[in-house]
1. Only residues that are more than 11 Å from DNA strand C (Cβ to nearest atom) and over 15 Å from residue A:24 (Cα atoms): list them for the range A:37-50, please.
2. Filter the range A:9-48 for residues that are away from DNA strand D (no atom under 11 Å from the Cβ) and among the aliphatic types (A, V, I, L, M) and give the result.
3. For the subset of the range A:58-79 comprising residues that are within 15 Å of DNA strand C (Cβ to nearest atom) and assigned to a loop (DSSP other than H, G, I, E, B), which member is least open to solvent (accessible area, probe 1.4 Å)?
4. Across the range A:60-83, what is the number of residues that are polar (S, T, N, Q) and within 14 Å of chain B (Cβ to nearest Cβ)?
5. Looking only at the range B:16-47, how many residues end up being under 13 Å from the mean Cα position of the chain (by Cα) and either open to solvent by 30 Å² or more (accessible area, probe 1.4 Å) or at the interface with chain A (Cβ under 8 Å from one of its Cβ atoms) (or both)?
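The values are calculated or read from the model by the stated rules, or taken from the named source; none is laboratory data. Owing to the predicted nature of the structure, the values given are computational and were not obtained by experimental measurement. Virtual Cβ from ideal backbone geometry, glycine too; neighbours counted across all protein chains shown. Note: areas computed on protein heavy atoms with side chains; ligands, DNA, RNA excluded. Shrake-Rupley method; radii C 1.70, N 1.55, O 1.52, S 1.80 Å.
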Number of protein chains: 2
Amino acid sequence: MTSDLDTVFSALADPTRRRILTMLLEDDMAVTDVAEPFEMSLAAISKHLTILAGAGLISQEKRGRVKWCKLEPDALKGASVWMQGFGQFEPVNLDAFEAFLAQELGESPD
Amino acid sequence: MTSDLDTVFSALADPTRRRILTMLLEDDMAVTDVAEPFEMSLAAISKHLTILAGAGLISQEKRGRVKWCKLEPDALKGASVWMQGFGQFEPVNLDAFEAFLAQELGESPD
DNA sequence: GGTATAGTCAACCAAATGGTTGACGATCCC
DNA sequence: GGGATCGTCAACCATTTGGTTGACTATACC
């Protein structure tokens, strides 16, 4: 039983994959364009993208011969919450932030 | 140049190590006591602890023949901030949270 | 149809990972 | 000193990881 956290954290453990995610923060990209700035083969990047997709961190949609990669930041949520469990980083923690969100958003559904 | 994020995220990618961290959330522990609930050798746990210490996630202090392990949650900070960069988890993002913190904390230095 | 482009697949490889066991050094206790 | 406990080290092993190259499929273009 491999946890979601396993796949997410190990996906994030590789600098190439983190760099890909930050690239996708700007805009959706085709596989070839993702690969362009890296000094490694297209096949290698394709594997990295498969791993990111496996972790749910990106989604991929094929249109014509081009496969578009889209960031799915929600997949970070579980990992983020897990880490917050340790995070007395700030005097204000998740509870306070949730209270803030509740107040800020009024009645947002979901 | 291996990034801090590399070592932190790959330390977190293993379920045994995450479980160790949650155990240490309760209290500082000796190596033998950390190992007790796991079905694996003491040497294996010792290696995991070395990796956690290498990532800065725990510190270890030897008193007598006992080595105490202490959680160092600040080491999660960098990784947490990195992840927040993606976190349009909610309609409210980092900017809003920073504003919230500023307001909440008044004049907290640093 | 023919050719270029986008991307994956399969086989292979070196290095890293996560575990084992057995020997060992240090410390505590009698 | 002698024996038990704490923990690491070293050697070893199987599996996973991150990369390569070459062949291949599918789409686009002329």
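1. We begin by selecting, within the range A:37-50, every residue more than 11 Å from DNA strand C (Cβ to nearest atom); these are A:37-40.
Within the range A:37-50, A:39, A:40 meet the criteria.
2. Passing the criteria: A:21, A:23, A:24, A:25, A:29, A:30, A:31, A:34.
3. Initially, the range A:58-79 is screened for residues within 15 Å of DNA strand C (Cβ to nearest atom), giving A:58-70.
Among the residues that remain, those that are also assigned to a loop (DSSP other than H, G, I, E, B) are: A:64-65.
Numbers: A:64: 70, A:65: 225 Å².
Looking at residues that are within 15 Å of DNA strand C (Cβ to nearest atom) and assigned to a loop (DSSP other than H, G, I, E, B), I get A:64.
4. The first filter runs over the range A:60-83 and keeps only residues polar (S, T, N, Q), leaving A:60, A:80.
With within 14 Å of chain B (Cβ to nearest Cβ) added as a condition, the list becomes A:80.
Result for the range A:60-83: 1.
5. The qualifying residues number 6.
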